[in-house]
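Worksheet: one structure, shown below.
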Amino acid sequence: MLVEDLRASKAQHLAITGDLTQLGLDSEFQDAQKWLRELSTPSRVSLIPGNHDCLVADDWQRTLHRWHEFMASDDTSLNHPGDFPTSRIRGPVMFIGLSSAVPTAPFLATGSLGRQQRQRLREMLESARERSLFRVVLIHHPPLPGGYKWRKRLVDSRATSEVLRQSGAELVLHGHTHRLTGMSLEGPGGKRIPVVGLSSASAGEVSPERAARYSLWTVTRNGGSFRLQHRSRVYDAPSHRIREGHDWNPLQDQ
Ligand SMILES: [Fe+2]
């Protein structure tokens, strides 16, 4: 139902921040691949993996490689987990896809980027800034220190947020928490970087803060800068309808 609503919205590009599987099984990857192909064409979907998609260290070809066409950079390189970050440019917007998904010990749902990915992230952010692109960073785990429970945290959140703080970004989107949340970081020149946690789009919850929801972002050029606006569409379980999510805007009160 939410997917039908999303199609009707005519969004130009879709960003998905991971956890399309529960256990990371081969059959789940195949089901998700089919779902993604029905959702839209690969050039219109930018996907990154979540921790559930990497619960066990399985063969890349049997797992994440099945989603290659939705994750690959514009130059199509992505044949190995080490190929993150990815980059895709659509109009004035650059999507930078990170992978914080790593296998963990039982009962942990932590993630990390690692030194190499953080260094590449820094280079990409600075190169995109020189080209005046609107930089959207996609990461599954919340990137701010203390942003989530200890056993579900991004282990290198301090170093990651330092990269964002120093190199800047126009929007950071994360998943993992299943709630629409708004935080921010102070970037270069004191400019605020919105760090937004996205809701689950498949939750069966009734409470407004945990209900299935997707966000619609509008980026408009405004002279030498950009204007960013947010709307959301929520599944209202009691009425079994999709409604406008006026209840919460993650860009306010940061
Ligand atoms: Fe997760």
Any residue in region 149-167 that is within 16 Å of the ligand (Cβ to nearest atom), free of Cβ contacts under 8 Å to residues at least 12 places away in the same chain and in a helix (DSSP H, G or I)? yes
Output the residue which, of all residues in region 12-29 that are in a loop (DSSP other than H, G, I, E, B) and modelled with pLDDT under 95, is farthest from the ligand (Cβ to nearest atom). LEU25
Identify the single condition in (1) touching a residue at least 12 places away in the same chain (Cβ under 8 Å); (2) surrounded by fewer than 16 Cβ atoms within 10 Å (Cβ to Cβ) that GLY197 does not satisfy, given that it satisfies every other one. (2)
Modelled with pLDDT of 95 or more, under 12 Å from SER202 (Cβ atoms) and either in a loop (DSSP other than H, G, I, E, B) or within 16 Å of the ligand (Cβ to nearest atom) (or both): is that true of ALA32 in this structure? yes
Search region 109-148 for residues being closer than 19 Å to HIS13 by Cβ and within 16 Å of the ligand (Cβ to nearest atom), and hand back the single one that is surrounded by the most Cβ atoms within 10 Å (Cβ to Cβ). ILE139
Given the residues THR63, THR21, THR17, which is the only one that is surrounded by 13 or more Cβ atoms within 10 Å (Cβ to Cβ), in contact (Cβ under 8 Å) with a residue 40 or more places away in the chain and on the phi < 0 side of the Ramachandran plot? THR17
Inside region 37-57, can you point out the residues that are surrounded by fewer than 21 Cβ atoms within 10 Å (Cβ to Cβ) and either away from the ligand (no atom under 16 Å from the Cβ) or on the phi > 0 side of the Ramachandran plot (or both)? ARG37, GLU38, LEU39, SER40, THR41, PRO42, SER43, ARG44, VAL45, ALA57
Exactly one of LEU180, LEU133 is in contact with a strand residue (DSSP E or B) (Cβ under 8 Å, 6 or more places away or on another chain), farther than 28 Å from SER202 by Cβ and not small (Gly, Ala, Ser), and that residue is LEU133
So for region 225-240 (the condition being of a type in the set (S, T, N, Q), under 22 Å from LEU39 (Cβ atoms) and surrounded by fewer than 18 Cβ atoms within 10 Å (Cβ to Cβ)), does at least one residue qualify? no
Strands (runs of 3 or more DSSP E) within region 168-254 that include 2 or more residues within 18 Å of the chain's Cα centre (by Cα): 171-174, 181-186, 192-197, 213-222, 225-236
I need a count of the residues in region 61-74 that are away from the ligand (no atom under 16 Å from the Cβ), at pLDDT below 90 and over 25 Å from MET124 (Cα atoms). 2
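The values are calculated or read from the model by the stated rules, or taken from the named source; none is laboratory data. No experiment lies behind these values; they were computed from the predicted model shown. As a convention, Cβ positions derive from the backbone with ideal geometry for all residues, glycine included, and neighbour counts pool all protein chains shown.
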